[in-house]
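Only the coordinates and a few stated rules stand behind these numbers; no lab work does. None of the values given here were measured: they were computed from a predicted structure. Virtual Cβ from ideal backbone geometry, glycine too; neighbours counted across all protein chains shown.
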Amino acid sequence: MTDIAQAGTFQLGDRRVKRLGYGAMQLAGPGVFGPPKDRAAAVAVLREAVAQGVDHIDTSDFYGPHVTNQIIREALHPYPDGLVIVTKVGARRGADASWNPAFSAEDLTRAVHDNLRNLGVDALDVVNLRLMFDVHGPAEGSIEAPLTVLADLQRQGLIRRIGLSNATPRQVAEGRRIAEIVCVQNQYNLAHRGDDAFIDELAASGTAYVPFFPLGGFSPLQSDTLSAVAAGLGASPMQVALAWLLRRAPNILLIPGTSSVSHLRENLAAAELRLPEEALAALDRIGAA
Ligand SMILES: NC(=O)c1ccc[n+]([C@@H]2O[C@H](COP(=O)([O-])OP(=O)(O)OC[C@H]3O[C@@H](n4cnc5c(N)ncnc54)[C@H](OP(=O)(O)O)[C@@H]3O)[C@@H](O)[C@H]2O)c1
């Protein structure tokens, strides 16, 4: 079994979590819609993650919708001490599986209550406001109105900590005038490095940066350089992609997603992989290309 603590820990709000966590989005059905083909396998992945020491799970009630949270509850409730479940609000799924912005006070309040009920908790550890000015990437726009709603729900004790997803530096600055922002969850990986400067800025303020699609998302990363470095180290390309993220900045927390116990074990073993300087230099050139 991997000692995932070797990858270190980082402060996520008032909790300290291991830097290798797990993203639960892959546990819903195809297109993150409806139930998975094999629910027992999904339950097994979550139990294995916790058995391996994972204490940070990323989810949303709009995965499924509802399905992923219900599977988390079935697999892990009552939750072990120290487990931090991070969820997100700001979207509603259409009957056609579409992702639609849902930022009214009513939408956000309903989403928080859906998460509480489906996860089976009295308060949510961390809620990310998932911005949708552009569904595919960060885009400017004021977040004052929806964040004020979340801050009110926090004051009511339904949310412990607040983060932002698909956010720009300007939105984080605006958000900080309304609530403490403990994490930012944006798309970032070896080949998608638009947030390089932002990550360093967040590291300086002790804010966690949680890259989504750390392995490339729906089409996992493919690169000759990545494959060659991995072969040279006797590791898999996905392990190298995760080890590179761990080296990239101390505030990066990983939530690789998988629906498979064997991929989960492989991904967690990245905690023990050390990248030599020449490998790092070669990997850095992937993003620059
Ligand atoms: N805030 C947002 O807008 C947002 C958006 C997307 C995702 N997220 C969060 O970020 C988490 C991570 O993103 P993600 O799951 O979409 O993408 P990801 O972690 O980059 O990659 C997941 C994909 O890689 C495959 N995979 C995983 N481990 C593998 C391995 N060792 N070898 C080969 N293939 C492997 C998975 O398939 P298998 O199931 O076959 O392993 C799946 O297709 C999500 O679970 C979710 O919690 C957030």
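Before moving on, here are some points about what is shown:
- Number of residues in region 100-113 that are away from the ligand (no atom under 16 Å from the Cβ) and either surrounded by 19 or more Cβ atoms within 10 Å (Cβ to Cβ) or in contact (Cβ under 8 Å) with a residue 60 or more places away in the chain (or both) equals 1.
- Among the conditions (1) surrounded by fewer than 21 Cβ atoms within 10 Å (Cβ to Cβ); (2) in contact (Cβ under 8 Å) with a residue 60 or more places away in the chain; (3) within 11 Å of the ligand (Cβ to nearest atom), residue 270 misses just one, which is (1).
- Condition met for residue 55 (among the acidic types (Asp, Glu), in contact with a strand residue (DSSP E or B) (Cβ under 6 Å, 6 or more places away or on another chain) and buried (at least 17 other Cβ atoms within 10 Å of the Cβ)): yes
- Hey, residue 230 more than 16 Å from the ligand (Cβ to nearest atom), free of Cβ contacts under 8 Å to residues at least 24 places away in the same chain and aliphatic (A, V, I, L, M) or not: no
- Residue 246 vs. criteria assigned to a helix (DSSP H, G or I) and either among the acidic types (Asp, Glu) or farther than 24 Å from residue 25 by Cα (or both): no
- Search result, residues across region 21-69 that are of a type in the set (D, E, K, R) and under 16 Å from the mean Cα position of the chain (by Cα): 55, 58, 61
- Any hit, region 212-226, residues being charged (D, E, K, R), surrounded by 15 or more Cβ atoms within 10 Å (Cβ to Cβ) and either in a loop (DSSP other than H, G, I, E, B) or without any contact (Cβ under 8 Å) to a residue 60 or more places away in the chain (or both): no
- The residue that is surrounded by the most Cβ atoms within 10 Å (Cβ to Cβ), among those in region 1-51 that are of a type in the set (Phe, Trp, Tyr) and within 15 Å of the ligand (Cβ to nearest atom), is 22.
- Some residue of region 276-285 being within 29 Å of residue 29 (Cβ to Cβ), surrounded by 15 or more Cβ atoms within 10 Å (Cβ to Cβ) and either touching a residue at least 12 places away in the same chain (Cβ under 8 Å) or more than 17 Å from the chain's Cα centre (by Cα) (or both): no
Every residue, every condition in (1) closer than 16 Å to residue 22 by Cβ; (2) surrounded by fewer than 23 Cβ atoms within 10 Å (Cβ to Cβ), yes or no:
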| site | (1), (2) |
| --- | --- |
| 237 | no, yes |
| 240 | no, no |
| 246 | yes, yes |
| 256 | yes, no |
| 261 | yes, yes |
| 266 | yes, yes |
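- Restricting region 76-99 to residues that are touching a residue at least 60 places away in the same chain (Cβ under 8 Å), within 16 Å of the ligand (Cβ to nearest atom) and not in a strand (DSSP E or B) leaves a set whose member that is surrounded by the fewest Cβ atoms within 10 Å (Cβ to Cβ) is 97.
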